[in-house]
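J.: If you scroll down you'll find the structure; I have some questions about it.
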Amino acid sequence: MTEVLQEGKNQHFKQASDFMSYFESLYPASESLTKQVQRAVKAMDLPKDAQGYFIINKTTEQIRQDDDIKHALSLSNASTTILTDATPVFLSLEPALCPYVKQLLLTSITFQDKILTITESSNGLLIYSSQPEQLEKLLQSFLVV
């Protein structure tokens, strides 16, 4: 685990026998110790990376889930944005109208460059924007009837 934390991945353990030096420093070397280590490594069902090294900090299920996430993100051309540069703007609405207004704002050409993300709350929409003043003015212009 120390290597994974320092280097980001395991680069020492490819086979059960690679673990032996660590166990032999704790227990006297014997054929039974070797067999126990081999059985333990097999029982742990450790997944391996592309180079054949054991992935010691994840289960086979975690690797499968991670691969599914990678695949889904690659399909959607995903990217990340740190929202410290964004300012929240709250639009108070009747809860029943939130999904409809959210969809209208998300598909609006007028609003497309002003909204980073938008989420429904219990009594309105919470919008994060890198242009909060412009978004506020634009929303206010639609509120005046």
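J.: Please turn the phi angles of the range 89-105 into ³J(HN,Hα) values with the Karplus equation 6.51 cos²θ - 1.76 cosθ + 1.60 (θ = phi - 60°), one per residue in order, whole Hz, x for glycine and proline.
T.: Each residue's phi maps through the Karplus curve to give 10, 9, 10, 6, 9, 5, x, 5, 8, 3, x, 5, 5, 4, 5, 4, 5 Hz.
J.: For the pair Ala78 and Asn57, how long in nm is the line joining their label points, each one 7 Å along Cα→Cβ?
T.: With each label placed 7 Å out from Cα toward Cβ, I get 1.9 nm.
J.: Right, another one. Arrange the residues Arg64, Arg39 by how much accessible surface each exposes, largest first, with a 1.4 angstrom probe.
T.: Arg39, Arg64
J.: Compute the long axis of helix 31-44 from its Cα atoms, compare it with the longest principal axis of the Cα atoms of the chain, and write down the angle in degrees, 0 to 90, nearest 10.
T.: So the inclination is approximately 20 degrees.
J.: With every protein chain kept in place and ligands, DNA and RNA left out, what is the accessible area per residue of the chain? Probe 1.4 Å, answer in Å².
T.: Solvent-accessible surface per residue comes out at 74 Å².
J.: Sticking with this structure for a sec: Using a 7 Å offset from the Cα along the Cα-to-Cβ direction at both Leu116 and Ser141, what is the distance between the two label points in nm, to one decimal?
T.: 2.3 nm
J.: Could you work out how much longer the chain between Gln36 and Asn123 gets when fully extended? Use 0.36 nm per residue separation minus the Cα distance between them, nm to one decimal.
T.: Net length gain for the segment: 25.3 nm.
J.: Roughly how much of Ile55 is accessible, in Å² to the nearest 10, using a 1.4 Å probe?
T.: Near enough 30 Å² of accessible area.
J.: Looking at the chain only, what percent of DSSP beta bridges run antiparallel? Nearest 5 please.
T.: Taking every DSSP beta bridge within the chain, about 100 percent pair in antiparallel fashion.
J.: Take the Cα radius of gyration of the chain and divide it by 2.2 N^0.38 Å, with N its residue count; two decimals is plenty.
T.: 1.83
J.: To the nearest 10 degrees, how steep is helix 132-143 against the longest Cα principal axis of the chain, on a 0 to 90 scale?
T.: 50 degrees
J.: Between helix 60-75 and the chain, what is the angle of the helix's C-alpha long axis to the longest principal axis, kept within 0 to 90° and rounded to the nearest 10?
T.: With both axes taken from Cα atoms, the answer is about 40 degrees.
J.: Oh, and also: Can you pick out the pairs among Lys9/Lys35; Lys9/Lys58; Lys70/Lys114; Lys70/Lys102 whose Cα atoms lie more than 20 Å from each other?
T.: Lys9/Lys35; Lys70/Lys114; Lys70/Lys102
J.: Can you pull the one-decimal nm distance between simple spin-label points at Ala96 and Asp66, each 7 Å off the Cα toward Cβ?
T.: Roughly 4.8 nm, to one decimal.
J.: Further question: If you find the alpha carbon centre of the range 75-129 and of the range 1-68, how far apart are they in angstrom?
T.: Value for the Cα centre distance between the two parts: 45 Å.
J.: Is the range 1-80 rounded, prolate or oblate when judged by the Cα gyration tensor, a ≥ b ≥ c being the square roots of its eigenvalues, rounded requiring a/c under 1.5 and prolate requiring a/b larger than b/c?
T.: It comes out prolate by the Cα gyration axes.
J.: Any chance you could look up the accessible area of Ser25 with a 1.4 Å probe, heavy atoms only, rounded to 10 Å²?
T.: About 90 Å², ignoring ligands and nucleic acids.
The values are calculated or read from the model by the stated rules, or taken from the named source; none is laboratory data. Here the structure is a predicted model, which is why all the values come from computation and not from measurement. We place every Cβ from the backbone using ideal geometry, glycine too, and count neighbours over all the protein chains shown. Accessible surface is based on the protein model in full, side chains and every heavy atom, while ligands, DNA and RNA are left aside. Shrake-Rupley method; radii C 1.70, N 1.55, O 1.52, S 1.80 Å.
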